[in-house]
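A.B. asks: Here it is, the structure, as structure tokens.
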């Protein structure tokens, strides 16, 4: 018996009687998945091994969107919150597989009615969008928020159109900051994580000026910090407490450098449009630090430049059209903010 993955019919449809069949499968482990914009299936996926007696999948189909969530949204003092945008997500709508989130706004009395993409008993989450508040819910066993701080801003429940929801929202905390290098220059487009107790709470990228923002998070107990991913290692902010409505944080990271040069052939003529790769190495041991790499191409004069180069050891590799290594430079170091020139001459062709 061998196991594998193979698509049978991407366009397979159920017939008028809700049936579908396929025969002549090779001896593999197969997965059958049911998907529809109009129905939720239970179960929606079954794995089985072909061969032997026929395998049967019996699923229950429930119309999606026929369920309405309703209730009220109030603040912690019991006052209604008007004009708040609520969004309902399911596991289906959060996945690439599809499903359209349900949306609504609360009225002047904080009441809402939301046509949700749900079947009865299906799990869902509610979010406030573009609000100065975040939903507050005591997380019980079985709630994702019991163990995952990312779910603290979500209301979690199972769909029941007969039960009115009494939602409570607390003032949101806003964490802002900037990512700078040791020389005070901004570090743009870096992946940043807001962590509480070592667990990721929210994510973002730094903007062109190095600024970052985590809007609409809970003011929670425990030390928080912001981690920034760099080309070599990470940088972290000092620990702080998300206590007020706004927190300002600054993260300092080692200043990066620049590596540039010119690439010529064996006769000294510039090589135009060839690719080069830079990788990180330990200066002392000469061993490669990680598997990360960056590529650039030479211009009309055979010149190239790598920016944002980490302050550590590096090698520059000249690549051919098949990504084979034509030439690898000697190991060299780049200091914080340093500009290093590395010229390369390709070997003569045989």
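A.B. asks: List every residue pair whose Cβ atoms lie under 6 Å apart, where the two residues are 6 or more positions apart in sequence or sit on different chains, the first residue falls within region 277-288 and is outside the structural domain of residue 309 (by TED's automatic domain parsing), and the second residue, located anywhere, is assigned to a loop (DSSP other than H, G, I, E, B).
C.D. replies: none
A.B. asks: To continue, here is another question. Which of the residues spanning region 239-263 are assigned to a strand (DSSP E or B) and more than 19 Å from residue 329 (Cβ to Cβ)?
C.D. replies: If the condition is that a residue be assigned to a strand (DSSP E or B) and more than 19 Å from residue 329 (Cβ to Cβ), then 240, 246, 247, 248, 249, 250, 251, 252, 253 are the ones that fit.
A.B. asks: Then there is this: Looking at region 243-279 only, could you name the residues that are under 25 Å from the mean Cα position of the chain (by Cα) and modelled with pLDDT of 90 or more?
C.D. replies: Correct list: 249, 250, 251, 252, 279.
A.B. asks: A further question follows. Please specify each residue of region 142-153 satisfying the condition of being outside any helix (DSSP H, G or I) and within 12 Å of residue 125 (Cα to Cα).
C.D. replies: Just the residues of region 142-153 that are outside any helix (DSSP H, G or I), to begin with: 142-143, 147-148.
Scanning region 142-153 gives a single hit, 143.
A.B. asks: Looking at region 213-238 only, could you name the residues that are assigned to a strand (DSSP E or B) and in contact (Cβ under 8 Å) with a residue 60 or more places away in the chain?
C.D. replies: Narrowing region 213-238 to residues assigned to a strand (DSSP E or B): 213-217, 224-229, 234-236.
Scanning region 213-238 gives 216, 217.
A.B. asks: If I filter region 260-270 for residues that are in contact with a strand residue (DSSP E or B) (Cβ under 8 Å, 6 or more places away or on another chain) and over 24 Å from residue 347 (Cα atoms), do I get at least one hit?
C.D. replies: no
A.B. asks: Continuing with this model, one more query. Of the conditions (1) in a strand (DSSP E or B); (2) buried (at least 18 other Cβ atoms within 10 Å of the Cβ); (3) at pLDDT below 95, residue 290 clears all except one; give me its number.
C.D. replies: Of (1) in a strand (DSSP E or B); (2) buried (at least 18 other Cβ atoms within 10 Å of the Cβ); (3) at pLDDT below 95, only one is false for residue 290: (2).
A.B. asks: Let me ask something else about it. Would you confirm whether any residue within region 204-212 is crowded, with 16+ Cβ neighbours inside 10 Å and in contact (Cβ under 8 Å) with a residue 40 or more places away in the chain?
C.D. replies: no
A.B. asks: Scan region 134-141 and give yes if some residue there is closer than 15 Å to residue 214 by Cβ, modelled with pLDDT of 90 or more and more than 18 Å from the chain's Cα centre (by Cα), otherwise no.
C.D. replies: yes
A.B. asks: Here's a follow-up. Can you tell me which of 159, 172 is crowded, with 16+ Cβ neighbours inside 10 Å and under 22 Å from residue 242 (Cα atoms)?
C.D. replies: Of the residues listed, the single one that is crowded, with 16+ Cβ neighbours inside 10 Å and under 22 Å from residue 242 (Cα atoms) is 172.
A.B. asks: Related question: From the list 269, 330, 341, exactly one residue is exposed (fewer than 13 other Cβ atoms within 10 Å of the Cβ) and in contact (Cβ under 8 Å) with a residue 40 or more places away in the chain. Which is it?
C.D. replies: Step by step, each of 269, 330, 341 is checked, and only 341 is exposed (fewer than 13 other Cβ atoms within 10 Å of the Cβ) and in contact (Cβ under 8 Å) with a residue 40 or more places away in the chain.
A.B. asks: Looking at 166, 156, can you tell me which residue is within 26 Å of residue 115 (Cα to Cα), assigned by TED's automatic domain parsing to the domain that holds residue 127, in a strand (DSSP E or B) and in contact with a helix residue (DSSP H, G or I) (Cβ under 7 Å, 6 or more places away or on another chain)?
C.D. replies: From the options 166, 156, the qualifying one is 156.
The values are calculated or read from the model by the stated rules, or taken from the named source; none is laboratory data. Keep in mind that this is a model prediction, so the values were computed, not measured. Cβ: placed from backbone, ideal geometry, glycine included. Neighbour counts: every protein chain shown.
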